[in-house]
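Here's the structure we're looking at; comments come further down.
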Amino acid sequence: MEIIHVSAECYPVAKAGGLGDVVGALPKYQRDLGHVAKVVMPMYKTKFLRDNQWEVVHKGYTHLHNYWFNYTVIKESTNKLGFDLYLVDINGLLDREKIYGYGDDTERFFSFQIAVVDWLAAWKHLPDVLHVHDHHTALIPFMVKHCYAYQKLQGIATVLTIHNAQYQGQTGMDKTVLIPEWDIWKRGLLEWAGALNPLACGIRTAWKVTTVSPTYLEEMRYSAAGLEALLEYEKGKCSGILNGIDSVVWDPATDRYFDNHYDVATVEEGKQKSKAILCEQYNLDIRKPLITFIGRLVADKGADLLPQVFEESFYYIGRKMNFFILGSGLPEIEGRLQAIRDLGRGDYNTYIGYDEGLSHLIYAGADFILMPSRVEPCGLNQLYALRYGTVPVVRNTGGLHDTVIDYGDPGGYGIRFNHATPQDMTHGIWRAVELYQQPEMLREIRQRMMQLDFSWEASVRAYLDLYEGMLRSK
Ligand code: ADP
């Protein structure tokens, strides 16, 4: 089977969150099972681009309404990632430092999608499956079905994976003119709640829709940022497939971002060494449990609650723990987290920014990872934490519900709380401090977590079953 993944992110080329990790790993595992899996993404100005070898495979010329543009497709020539990686270069639109956050993101991702289908239409053969990810690529199923220029691609099976339904790419209906000439009777497929909504369009037009955990799919039927009714209507083609982790990149025994490697047998000493480095570097007290948060500083992740929770924890529980935050996001949350540095001096610190290497060191050196998410489609942090023997303290939602069992329950290993409130979180932190004071139980829990299997093997099989089902129905 030949599968083309189209995505805005792919680790290690460009990553802003879990989407990058998934698209960087899933194709590798599909290839291991004997399939041809390729990734197509925009050509941003990244370090990966500068450090690798590329060959030009296609040059094309197409248009975004009346703006005609040249595009070039380049391929990484050493197969470094374990699958074929293609980047689409559109001069002036995609070749920028950041992935998202520009005023013309609509035009950037529309033109990227148009270039991708234009390129595919020039192929001599057709791939079996087009697998698109999130709203940045969710117009592709519509384009291959309803744009006159791409009718040749109509028979390709399409899958949309929703990594996060909070982001839908809505824009004005006036932007429908940007899509190459399409069947005007299909206008309703582009519109949701009076706007052009690429994610909603993808849900309607893709052959199959997946979300990244079964519980998130259930939750979306009553909480999906306005798409609830649509998901209820389309539920017959939706399924939830839990993300896996790339167990080669995320392995404490071989991790390339730190030196003090460890495995199940040496977890205590290994973690202690990485913790010592972190505590030394960030002025924390190694004798106390190190509780961390890694991620986007936005309300969906519950990051707005952190400053208050830290203050309350120091007040009610006492200075019995350290907190260390790695993240970036809303300036207001960043500012509040920095503002409590004085209060927490010696027991609290932050690194505001994005640092892949530091994140690996933290998974290794921290004792607990806090995930108070209001919305968590799957969540990869807790899966990495489990592999690194770091106890997840999580809100019971989405993928966190599917992957973390409270240590008070049979076979459990994490700490779960129900509400994204300062009270519930502080209680979770109190339980973490209590657990830290029982080293034997903590050791046992660490060893149990590290032996859990959240690798891609099972999920890859589920995706292949889905593809095969579509191909059979053709
Ligand atoms: P989301 O995709 O919603 O942001 P996930 O839990 O699915 O959340 O994935 C987050 C990924 O991004 C993890 O690999 C995490 O380690 C990484 N990450 C998030 N913020 C940072 C940061 N500031 N520095 C380094 N890695 C980060």
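Only residues that are under 13 Å from residue 368 (Cβ atoms) and touching a residue at least 40 places away in the same chain (Cβ under 8 Å): list them for segment 393-410, please.
Answer for segment 393-410, where residues must be under 13 Å from residue 368 (Cβ atoms) and touching a residue at least 40 places away in the same chain (Cβ under 8 Å): just 393.
Of all the residues that make up segment 193-236, how many are touching a Phe, Trp or Tyr at 6+ places or on another chain (Cβ under 7 Å) and in contact (Cβ under 8 Å) with a residue 40 or more places away in the chain?
Matching residues across segment 193-236 total 2.
Report, by residue number, each residue of segment 8-35 that is more than 10 Å from the ligand (Cβ to nearest atom), in contact with a Gly (Cβ under 8 Å, 6 or more places away or on another chain) and not in a helix (DSSP H, G or I).
Result: 10, 12, 13, 14.
Which of the residues that make up segment 74-93 are aliphatic (A, V, I, L, M), under 27 Å from residue 104 (Cα atoms) and part of a loop (DSSP other than H, G, I, E, B)?
The first filter runs over segment 74-93 and keeps only residues aliphatic (A, V, I, L, M), leaving 74, 81, 85, 87-88, 90, 93.
Imposing the further condition that a residue be under 27 Å from residue 104 (Cα atoms) reduces the set to 74, 85, 87-88, 90, 93.
Listed by number, the residues that qualify are 90, 93.
When residues of segment 436-462 are filtered for being touching a helix residue (DSSP H, G or I) at 6+ places or on another chain (Cβ under 7 Å), buried (at least 19 other Cβ atoms within 10 Å of the Cβ) and part of a helix (DSSP H, G or I), how many remain?
Residues flagged as touching a helix residue (DSSP H, G or I) at 6+ places or on another chain (Cβ under 7 Å), buried (at least 19 other Cβ atoms within 10 Å of the Cβ) and part of a helix (DSSP H, G or I) within segment 436-462 amount to 6.
Can residue 59 be described as open to solvent by 60 Å² or more (accessible area, probe 1.4 Å), closer than 23 Å to residue 124 by Cα and not acidic (Asp, Glu)?
Details: open to solvent by 60 Å² or more (accessible area, probe 1.4 Å): yes; closer than 23 Å to residue 124 by Cα: yes; not acidic (Asp, Glu): yes.
For residue 59, the condition - open to solvent by 60 Å² or more (accessible area, probe 1.4 Å), closer than 23 Å to residue 124 by Cα and not acidic (Asp, Glu) - is met.
For residue 151, work out the one condition from (1) open to solvent by 10 Å² or more (accessible area, probe 1.4 Å); (2) of a type outside the set (D, E, K, R); (3) not in a helix (DSSP H, G or I) it doesn't fulfil.
(3) is the only condition that residue 151 fails.
Please determine whether any residue of segment 412-420 is open to solvent by 50 Å² or more (accessible area, probe 1.4 Å), within 16 Å of the ligand (Cβ to nearest atom), of a type outside the set (Asp, Glu) and in contact (Cβ under 8 Å) with a residue 60 or more places away in the chain. Let's see the steps before the verdict.
Just the residues of segment 412-420 that are open to solvent by 50 Å² or more (accessible area, probe 1.4 Å), to begin with: 416, 418-419.
Checking the rest, the ones that are also within 16 Å of the ligand (Cβ to nearest atom) come to none.
No, that holds for no residue.
Do we have any residue at all in segment 377-391 that's in the same structural domain as residue 295 (by TED's automatic domain parsing), under 16 Å from residue 302 (Cβ atoms) and over 16 Å from the mean Cα position of the chain (by Cα)?
No; the residues of segment 377-391 include none that is in the same structural domain as residue 295 (by TED's automatic domain parsing), under 16 Å from residue 302 (Cβ atoms) and over 16 Å from the mean Cα position of the chain (by Cα).
So, residue 8, is that one open to solvent by 20 Å² or more (accessible area, probe 1.4 Å) and farther than 19 Å from residue 459 by Cβ or not?
Numbers: open to solvent by 20 Å² or more (accessible area, probe 1.4 Å): no; farther than 19 Å from residue 459 by Cβ: yes.
The answer is no for residue 8.
What residue, among those in segment 67-88 that are open to solvent by 40 Å² or more (accessible area, probe 1.4 Å) and modelled with pLDDT of 95 or more, is farthest from residue 148 (Cα to Cα)?
Per the stated criteria, the residue is 77.
Which of the following residues is touching a strand residue (DSSP E or B) at 6+ places or on another chain (Cβ under 8 Å) and either closer than 25 Å to residue 313 by Cβ or not assigned by TED's automatic domain parsing to the domain that holds residue 272 (or both): 435, 464? Step through it out loud before you land on a result.
Values: 464 fails: touching a strand residue (DSSP E or B) at 6+ places or on another chain (Cβ under 8 Å).
None of the others qualify; the one that does is 435.
In the list 146, 135, 125, which residue meets the criterion of being open to solvent by 10 Å² or more (accessible area, probe 1.4 Å) and either in contact with a Pro (Cβ under 8 Å, 6 or more places away or on another chain) or not assigned by TED's automatic domain parsing to the domain that holds residue 462 (or both)? Even if it seems obvious, please write down each step before you answer.
Numbers: 146 fails: either in contact with a Pro (Cβ under 8 Å, 6 or more places away or on another chain) or not assigned by TED's automatic domain parsing to the domain that holds residue 462 (or both); 125 fails: either in contact with a Pro (Cβ under 8 Å, 6 or more places away or on another chain) or not assigned by TED's automatic domain parsing to the domain that holds residue 462 (or both).
Answer to the check: 135.
Got a sec? Which of 213, 247 is within 16 Å of the ligand (Cβ to nearest atom), of a type in the set (S, T, N, Q), surrounded by fewer than 22 Cβ atoms within 10 Å (Cβ to Cβ) and under 22 Å from the mean Cα position of the chain (by Cα)? Break it down stepwise before answering.
Working: 213 fails: surrounded by fewer than 22 Cβ atoms within 10 Å (Cβ to Cβ).
From the options 213, 247, the qualifying one is 247.
Of everything in segment 192-207, what is surrounded by fewer than 20 Cβ atoms within 10 Å (Cβ to Cβ) and either touching a helix residue (DSSP H, G or I) at 6+ places or on another chain (Cβ under 6 Å) or in the same structural domain as residue 383 (by TED's automatic domain parsing) (or both)? Give them in sequence order.
Filtering segment 192-207 for residues surrounded by fewer than 20 Cβ atoms within 10 Å (Cβ to Cβ) gives 193-195.
Residues satisfying the conditions do not exist here.
The values are calculated or read from the model by the stated rules, or taken from the named source; none is laboratory data. All values reported here derive from a predicted model rather than from experimental measurement. All Cβ positions, glycine included, derive from the backbone under ideal geometry; neighbour counts span all protein chains shown. The area values use the complete protein model at the heavy-atom level, side chains included, leaving out ligands, DNA and RNA. Shrake-Rupley method; radii C 1.70, N 1.55, O 1.52, S 1.80 Å.
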